[in-house]
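*Asks:* Next up is a structure, given as structure tokens.
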Amino acid sequence: MLSCSLGSQWNNFQTVSLLFRQRQATIQQLDKMFQHSSNAIMSSFATKAKVVFVLGGPGAGKGTQCSRIADRFRFTHLSTGDLLREEGSREGSRYGTMIEEHMRHGKILPVDVTCSLLEMAMKSSGNSMFLIDGFPRNQDNLDGWNRRMSPKVDMQFVLFLNCTEEVCVKRCLKRGLNGSGRIDDNLETLKKRIQTYNKHSLPIIQYFQGTGQMKTIDAGPDADQVFAQVESTFLASGF
């Protein structure tokens, strides 16, 4: 009887011990899963890209100023116009004809095309700070960005290069005469671009102004004077 009692107690002990070990293993597994999930979440916050939109009319000096900002503050400059031109000239591009037609007539490309090119360029850059030049250009651009990219980035502010239409036109025509090679640096296309800008882009600029996200720069003076304003703006913003 004693032997049976001891045997039964031993079996009970083994069962309890097994259950305890299984429970500990489950707790450890859950702890690892939680830790992995927590690390992933923290990592996503830590590596969220910082983005500054750079807006202004054709010839406002966006490319010139972005190049200087990139050198001074280690941003990657992504020009939507350059990305579209590059994609449009790429052999075998599914968007080539559409991009050329839209740019020739001063029209705005579908937002999914532009966002796809921007996202690919951001991922391949190896950087986490970006100047997005010439975007968003209309409400569709803004809505598409908010839907597709806004959760993935940390929006800093909008840099608006404010310049008169007369100065912008002179700069673009001079750029074309100097051999820019751009199909849109001619008077006929420029008129269409300015019409598109006034109709679609100005309301977006007014929207950002209303949200308090916009920092306005007088882009009329020469490039050095403009950059002095830009540099002060970035330094004041913590860069």
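The values are calculated or read from the model by the stated rules, or taken from the named source; none is laboratory data. Predicted model, so just to flag it, every value in this text is computed and none were measured. Heads up: the accessible areas ignore ligands, DNA and RNA and are worked out on the full protein's heavy atoms, side chains in. Shrake-Rupley method; radii C 1.70, N 1.55, O 1.52, S 1.80 Å.
*Asks:* In square nanometres and to one decimal, what's the mean projected area of the convex hull around the Cα atoms of the range 149-213?
*Replies:* Working: hull surface 23.8 nm².
If you wrap the Cα atoms of the range 149-213 in a convex hull and average its projections, you get 5.9 nm².
*Asks:* Any lysines with Cα under 18 Å of the K50 Cα? List them, leaving off those in the same chain fewer than 8 positions away.
*Replies:* Answer for K50, where 18 Å is the Cα cut-off: K123, K152, K215, listed by chain and number.
*Asks:* Can you work out the accessible area per residue across the range 75-211, with the rest of the protein chains kept in place, probe 1.4 Å, in square angstrom?
*Replies:* 54 Å²
*Asks:* Sticking with this structure for a sec: Could you tell me the convex hull volume per residue, in Å³, taken over the Cα atoms of the range 44-114?
*Replies:* Cα convex hull per residue, to the nearest whole number: 131 Å³.
*Asks:* Going Cα to Cα from K192, which lysines come in below 18 Å? Please leave out same-chain ones fewer than 8 positions away.
*Replies:* The reachable lysines, counting only those whose Cα sits under 18 Å from K192, are K107, K170, K174.
*Asks:* Taking 0.36 nm per residue of sequence separation and subtracting the Cα-Cα distance, how much length would be gained by fully extending the chain between N198 and A228, in nm to one decimal?
*Replies:* Gain on stretching N198 to A228: 8.1 nm.
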